[in-house]
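Inspection log for the structure reproduced underneath, given as structure tokens.
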Amino acid sequence: MVKTVMRSRSRPPTLEHVAQVAGVSRATVSRVVNGVHSVDPELRRVVERAIADIGYVPNRAARSLVTRRADTIALVVSEPEPPAGDRPFASAVLTDPFFGRVLAGMLPHLREQGAHPLLVHVDSAASRDALRDRLRQHDIGGVALVSIHPDDPLPALLAEAAVPTVAWARPARPGSVSYVDVAHDRGARLAADHLVARGCRRVATIAGPAWTPAGADRLAGFRAAMAANGQPEVPSVEGAFTLETGERAMETLLAEHPEVDGVFAANDLMAQGALLVLREHGRRVPEDVAVIGFDDSSAALACRPPLTTVRQPVEDMAGEMVRLLLAHIEDPRRAATSVVFEPSLVPRRSA
């Protein structure tokens with residue numbers, strides 16, 4: 001039902017007036033005014049009826065203002081303040097080819113819906129406060145948490161402020177925001193089964209950071225699958241999802257377990273680092289040591305030999321992330337939800 005609202009006759013009606021009369025968010029009115037096709041038909045009819053009832057007339061300048069504000073989506077890379085001398089976490093994220101796939105998957109869907117991305121780096125309490133202030137001023141219609149750290153207070157802050165938010169990957173403290181993810185444990189099982197089928201009997205793994213849900217789930221899934229295949233003891237060295245830590249981990253594995261004949265690395269960059277070290281030590285891949293990565297990023301094709309890897313359907317996941325976020329913007333009362341995609345194995349020459 002369309003609500004009745006009193007306003008001064010001396011002022012022309014605004015988007016806020018339309019939103020109040022229609023009983024919807026300002027962002028939904030913005031999307032109707034700008035002709036975005038994904039708006040629910042019933043919501044569109046309610047908004048259009050409110051526009052007609054109060055005589056709202058959008059002009060070019062007003063539409064530009066609306067587009068700039070309510071339809072701006074913040075793509076947030078959040079990190080803790082790094083200790084002195086450490087490489088900033090954001091540097092690792094932004095240079096990771098996997099991150100490029102996430103953005104490439106999101107941007108066409110945002111553009112199709114008339115939304116404008118804004119990359120925001122949050123690395124301190126001050127930058128979190130600045131983001132929250134912008135959200136309160138309606139400069140930003142919603143937040144896509146592209147990267148967060150385990151103790152990050154940002155998801156809870158956004159949930160408490162009722163800001164439409166969707167996270168890439170399950171937060172360490174799930175429940176407050178919607179998220180899109182892949183079944184990491186089942187992907188790791190695919191890698192384990194493939195190594196066993198190749199005849200590998202002395203298998204090791206380069207794990208991701210234990211504090212990340214992805215790192216923990218991939219390690220647990222790989223160990224469980226290897227145990228089911230009769231290999232309960234799997235040597236593991238933890239990396240940080242970077243090429244350099246993959247190199248260091250492979251050096252450690254060769255020094256402590258020179259008999260290793262199969263390696264699962266928890267992402268493609270660490271697998272690429274492992275391949276470089278194996279080549280330096282004269283180990284043939286896959287004849288002496290088979291190697292499998294995770295992600296199917298551009299790094300997998302850059303490897304020599306090309307990397308067998310577990311593929312995440314990143315582009316589909318990114319599109320779903322945008323769809324979920326726009327749904328939350330249109331209906332701020334929508335409950336938090338999750339969508340988990342299935343991985344697949346991409347066999348190449350490394351295993």
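The values are calculated or read from the model by the stated rules, or taken from the named source; none is laboratory data. This structure is a prediction, so every number in the text was calculated from the model and none was measured. Positions of Cβ are generated from backbone atoms using ideal geometry, with glycine treated the same way; all protein chains shown enter the neighbour counts. Just so you know, the surface numbers come from the protein's heavy atoms only, side chains and all, with ligands and any DNA or RNA stripped out. Shrake-Rupley method; radii C 1.70, N 1.55, O 1.52, S 1.80 Å.
Per-structure values
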read-out	value
Residue among Pro235, Ala224, Leu154 farthest towards the positive dipole end of the stretch 101-260, charges placed on Cβ	Ala224
P(r) tail fraction, the stretch 108-255 - alpha-carbon pairs more than 26 Å apart, %	42
Given (1) 1.32; (2) 1.08; (3) 1.18, the label whose value is Cα Rg over 2.2 N^0.38 Å derived from this model	(3)
Amide H contacts under 5 Å for Ala167, placed H, 5+ residues apart	Leu145, Ser178, Tyr179, Val180
Gap separating the Cα centres of the stretch 12-49 and the stretch 145-176, nearest whole Å	27
Sequence of Val196, Val122 from largest to smallest accessible area, 1.4 Å probe	Val196, Val122
Theoretical gain in end-to-end length, Ser124 to Arg201 [0.36 nm per residue, Cα-Cα removed]	23.0 nm
Nearest-10 value in Å² for the accessible area of His281, using the 1.4 Å probe	100
The stretch 251-351: GluC sites (Glu not before Pro) in DSSP coil with no more than 16 other Cβ atoms inside 10 Å	Glu259, Glu287
Exposure of His121 as accessible area (Å², to 10), given a probe of 1.4 Å and all protein chains	90
³J(HN,Hα), Karplus 6.51/-1.76/1.60, whole Hz, each residue of the stretch 176-181, x for Gly, Pro	8, 9, 6, 8, 10, 8
For the chain, built as a Gaussian network whose Cα springs stay under 10 Å, the top-fluctuating residue of Thr309, Thr337, Thr165	Thr337
Antiparallel content of DSSP bridges confined to the chain, in %, to 5	10
With all protein chains modelled, accessible area of Arg279 [1.4 Å, Å²]	120
Cα-derived Rg to Rh of the stretch 135-184, Kirkwood definition	0.97
Vicinal HN-Hα couplings computed from phi for the stretch 231-239 (Karplus, 6.51 cos²θ - 1.76 cosθ + 1.60; Hz; Gly/Pro x)	10, x, 9, 10, x, 9, 10, 7, x
Residue order for Thr245, Thr14 - accessible surface, 1.4 angstrom probe, largest first	Thr14, Thr245
